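Quick notes on the structure that follows.
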Amino acid sequence: MTIEKCINDYAASEMIFEEGSTGRELFVVLDGKVDIVKNSGADRTVIVTLGKGEFFGEMAVIDGSARSASAVAAIAGTRVMRINHARFVYLVSQQPAFALMIMDALSKRLRASNAVNFRTAAP
């Protein structure tokens with residue numbers, strides 16, 4: 001597959017993937033911005049806005065589970081590159097720096113989630 005076939009362009013507010021959907025791809029923001037959002041009934045909460053060079057969708061590419069949030073293009077002209085499971089496994093096995101980058105980002109995201117969800121009382 002050529003690299004061009006792995007790149008998609010999105011208009012503002014266009015859905016990249018929906019929470020609960022299945023997918024075995026990781027996405028890298030090439031241009032623009034992507035909102036990662038959680039829907040709760042009529043409420044929609046932006047968890048984080050990602051920009052050029054940042055990635056999302058890593059949990060599904062690693063464990064094959066349903067998407068834990070939705071990804072939506074935040075602005076017009078958003079371009080993302082899709083990395084399928086096979087390419088992801090290849091990159092992790094051949095490029096230790098890539099694997100470390102993914103682990104570092106996952107660790108930071110988990111710490112941020114813990115800070116929000118498990119605030120402890122100050123002594």
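The values are calculated or read from the model by the stated rules, or taken from the named source; none is laboratory data. This structure is a prediction, so every number in the text was calculated from the model and none was measured. In case anyone asks, the SASA skips ligands and DNA or RNA and just uses the protein heavy atoms, side chains included. Shrake-Rupley method; radii C 1.70, N 1.55, O 1.52, S 1.80 Å.
A compact table of results
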quantity	calculated
The range 20-64-the range 76-95 distance, computed between alpha-carbon centres (Å)	14 Å
Max mean-square fluctuation residue, GNM over the chain, Cα-Cα springs under 10 Å, options A42, A71, A60	A42
Per residue value of the accessible surface for the range 3-118 (all protein chains in place, 1.4 Å probe), Å²	59 Å²
Sum of -39500 (n - 2.57) over DSSP H runs of 4+, divided by residues of the chain (222 nm, nearest 500)	-9500 deg cm²/dmol
Max mean-square fluctuation residue, GNM over the chain, Cα-Cα springs under 10 Å, options D43, D31, D63	D43
Added length on full extension, which subtracts the Cα-Cα distance from 0.36 nm per residue, D104 to V92	3.0 nm
Chain lengthening between A115 and R44 when straightened (0.36 nm per residue, less Cα-Cα)	23.5 nm
Debye equation applied to the C-alpha atoms of the range 3-118, log10 I(q)/I(0) at 0.09, 0.15 Å⁻¹	-0.23, -0.67
The chain, accessible surface, carbon-and-sulfur percent (1.4 angstrom probe)	57 percent
